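A short worksheet on the structure shown next.
What follows is calculated from the coordinates using simple rules that are stated; it is not laboratory data. What you see is a predicted model, and the numbers here were worked out from it, not measured in a lab. Cβ placement follows ideal geometry from the backbone for every residue including glycine, while neighbour counts extend to all protein chains displayed.
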């Protein structure tokens with residue numbers, strides 16, 4: 001399959017959206033079926049798989065983690081933060097992001113997320129702050145420890161985020 | 001179905017800054033393949049679309065002209081409506097990566113077939129002309145949900 005560049009991230013020109021397999025568009029599919037469809041997509045050349053913490057919640061990341069585990073190194077995974085699933089509402093505070101990424105990594109059975117999107121902008125958190133959490137400066141933010149290899153935005157903030 | 005990013009500066013900012021764009025719901029959240037009509041029922045407990053404006057019975061009926069355009073081009077290109085929709089997205093910019101989702105092996109193969117549907121510049125102009133006169137009815141989610149979606153560049 002041909003490839004395309006998302007910024008610096010090279011992926012197959014068609015990706016695979018995994019939300020609807022296990023969440024949000026009706027009852028979840030049988031998990032064996034879900035795993036089979038995801039693996040068949042990879043077999044046909046898809047190397048870009050999209051999920052989010054909030055899909056399910058959690059079940060979409062779990063399914064994708066299981067399906068991609070045998071060939072994790074040959075694919076790119078996109079996931080998303082931005083909701084406060086336990087308390088409700090939005091939350092992009094740096095400490096919250098650092099906490100929830102641990103859950104996403106565990107469910108995805110990996111040590112890195114290739115593209116980590118902010119699912120919704122949190123009006124309470126300036127984008128410059130969310131990108132470079134002040135409390136993490138000088139220590140190991142998620143970016144610096146290479147667990148997040150690329151950062152994505154819903155939209156507005158590209159220009160502001162691009163400057164920091 | 002959603003032309004906002006072309007007009008609100010988002011795609012322009014992506015191009016300028018070298019950022020890729022991943023359109024979610026590239027098949028209109030299941031509407032564009034043409035199998036969902038005004039009689040479709042969405043389980044309010046399990047299907048978010050039950051609360052989306054574009055999936056009200058009224059709007060499902062009102063938006064049918066876009067499905068009809070896809071049907072016409074599908075026939076012309078010996079493809080399916082889903083394939084035309086994905087091929088159109090792929091043809092817009094080389095840094096757009098659509099992410100169709102499915103739990104069906106058949107739909108997966110159908111979606112992947114979009115890459116074998118080359119749309120010529122003339123096809124793209126013809127599609128643009130055909131859809132430019134169509135008004136889309138209903139936001140892609142409901143108004144309260146859309147308030148949390150940042151649509152500016």
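Per-structure values
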read-out: Shielding by partners - mean other protein chain Cβ count within 10 Å, residues of B:99-110; value: 6
read-out: Kirkwood Rh and Cα Rg combined as Rg over Rh, evaluated for the protein assembly as shown; value: 0.95
read-out: Neighbour-count order for B:95, B:88, fewest beta carbons within 10 angstrom listed first; value: B:95, B:88
read-out: Spin-label model distance (nm) - residue B:7 vs residue B:39, 7 Å beyond Cα toward Cβ; value: 3.4 nm
read-out: DSSP bridge pairs, the protein assembly as shown: antiparallel proportion in percent, nearest 5; value: 30 percent
read-out: Sites residue A:112 and residue B:64 - FRET efficiency at Förster radius 41 Å, r taken between beta-carbons, to 0.05; value: 0.40
read-out: Convex hull (Cα only) mean projected area of chain B, reported in nm² to one decimal; value: 9.5 nm²
read-out: Shielding of A:40-49 by partner chains, average beta-carbon count, 10 Å; value: 3
read-out: Test item: A:8-20 mean partner chain Cβ contacts at 10 Å; value: 6
read-out: Rough spin-label spacing in nm, given labels placed 7 Å along Cα→Cβ, for residue A:85 and residue A:72; value: 1.8 nm
